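S.K.: Please see the structure below; I have some questions.
Computed from the coordinates by the stated procedures, all read-outs in this text should not be read as laboratory data. All values reported here derive from a predicted model rather than from experimental measurement.
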Amino acid sequence: APAEPKGARPPPPAPPAEDEDSWGEAPIATPNPPPPPPRRGAAYWMARSPVADQIFITDVTVNLQTVTIRECRTEKGFFRAREHRPLDIT
């Protein structure tokens, strides 16, 4: 292939083709990517839950949809502590 002459510049990029359904509409803004997950040290991943032997995890997949079911024989140490809020019953 012949060498390009000195000072040659590539052609400017072509404008994107307009979709006939989007005439006169503002372009759709792309959402920002989610933040990266927090970095955790080795101690976090090596800590063993006191109820680890009582937890059952089941994945069920139907029609390309997977649901994960987590069960435990005890709620103490398995569930997060909940706030005690008054019920809004009138």
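S.K.: Run the numbers for Thr68 and Ala81: contour at 0.36 nm per residue of separation, minus the present Cα-Cα distance, in nm.
M.R.: On the way: separation 13, 0.36 × 13 = 4.68 nm, distance 2.13 nm.
The Thr68-Ala81 span can extend by a further 2.6 nm.
S.K.: Under the rule a/c < 1.5 gives rounded, and otherwise a/b versus b/c splits prolate from oblate, where does the stretch 24-74 land using the Cα gyration tensor? Before the final figure, lay out the partial values.
M.R.: Values: a/c = 4.68, a/b = 1.66, b/c = 2.81.
Oblate shape, in that a/c is at least 1.5 and b/c is the bigger or equal ratio.
S.K.: Another question, then. Report the extension gain between Ala43 and Ala26 in nm, rounded to one decimal, defined as 0.36 nm multiplied by the number of residues separating them, less their alpha carbon distance.
M.R.: On the way: separation 17, 0.36 × 17 = 6.12 nm, distance 4.93 nm.
Here the segment from Ala43 to Ala26 would lengthen by 1.2 nm.
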